[in-house]
Amino acid sequence: MLLNKRISILDFIKTIKVDIVLISSYAVVVGIFDQYGFLDKISVPIGVTAVFGTAVALLLGFRTNQAYERWWEARIIWGAIVNDSRTLVRQCVSFFKRGNDSYEALVAEMANRQIIWCYALGESLRKLPFSHRVIKYKESNKTEAFNIPNALLSEHSETLLKAKKKKMVNDFQQVQIDSTIARLCDSMGKCERIKNTVFPKAHSLLIHLIIYVFATMLPFGLSDEYLAVEIGLTIGIPIIFIAIEKNSILMQDPFENQPLDTPMTDLAETIEINIKQMIGETDVPEKKKPTDYYVL
């Protein structure tokens, strides 16, 4: 979940600590040996190092761009879910025929189920156990299915059909509400596509390999005059590349309960507050501090 106060530089460094230790150890050992003449005959033209550095930069640019596109698409999808959830309840409140004995019950049923759907979708995307409120709804309504969010949308359609049979909506209004349910289903499918589409592992391995080859050659292309500068550059430049790669890895999976996750629980809480206000409930919960963050 994207929460600045939950993400520190120290936490990020912990994710690449192995690479830092390996590169730092190599830089110190090679730097000392090179400084005192043990490796003074080995020299790599700076042009070769520059070619590898350019290759790494291009690959990292492509990787970062693809990862950001996945992350941003996920956020756009959940923005649409927020909008369509409000639209669905607003349509039910406005379209269902007032004065009918079933009006309040059907509106409340659609609204409460939509709230549960938002929480259930976020939890299923993160592969987390369902929360108490989702389990309680499943048990009370005997909702059993492999894909719970999809089953909840089917129940939406059944409730809409029930309203149509009671003549609480006309044909045009039924089509409008059904279109909103279809958009929610479409958003759910897009989330599942992002979740189930794995970024090619070979691409990550290739970038990591080239970074280490670059780090291996770098000290032999630098000046031996200043040991501290040579060691610092040998450590700093590859670590920057690795940090960029790690950031891309975190961004490419927006539903994995990582630091850069889409804040699905926070958005579901916003939807819950909005929906309960729309149907006139008095026990509207206050906005809680976000709690779905990644713990290293």
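Ordered from largest to smallest accessible area (heavy atoms of protein chains, 1.4 Å probe), the residues Arg133, Arg126, Arg98 come out as Arg98, Arg133, Arg126. Calculated accessible area for the chain comes out at 54 Å² per residue, all protein chains present (probe 1.4 Å; ligands, DNA, RNA ignored). The long axis of helix 148-165 is offset from the longest Cα principal axis of the chain by roughly 20 degrees. Summarising the label geometry, the points placed 7 Å from Cα in the beta-carbon direction at Ile16 and Gln174 lie 5.8 nm from one another.
In the structure shown, do any of Lys142/Lys167; Lys127/Lys201; Lys17/Lys136 have a Cα-Cα gap over 31 Å, and if so which? Write down the numbers at each step before the final one.
Numbers: Lys142/Lys167 27 Å; Lys127/Lys201 21 Å; Lys17/Lys136 42 Å.
Beyond 31 Å: Lys17/Lys136.
Once the chain from Lys136 to Ser43 is taken as fully extended at 0.36 nm per residue, the excess over their C-alpha distance is 26.6 nm. Here Glu104 and Phe146 are evaluated by their C-beta separation; at R0 = 35 Å the FRET efficiency comes out at 0.60.
The values are calculated or read from the model by the stated rules, or taken from the named source; none is laboratory data. In this text, all values refer to a predicted model and were calculated from it rather than measured experimentally. Positions of Cβ are backbone-derived with ideal geometry, glycine not excepted, and every protein chain shown enters the neighbour counts. Protein only, heavy atoms only, side chains kept; ligands, DNA and RNA dropped before computing areas. Shrake-Rupley method; radii C 1.70, N 1.55, O 1.52, S 1.80 Å.
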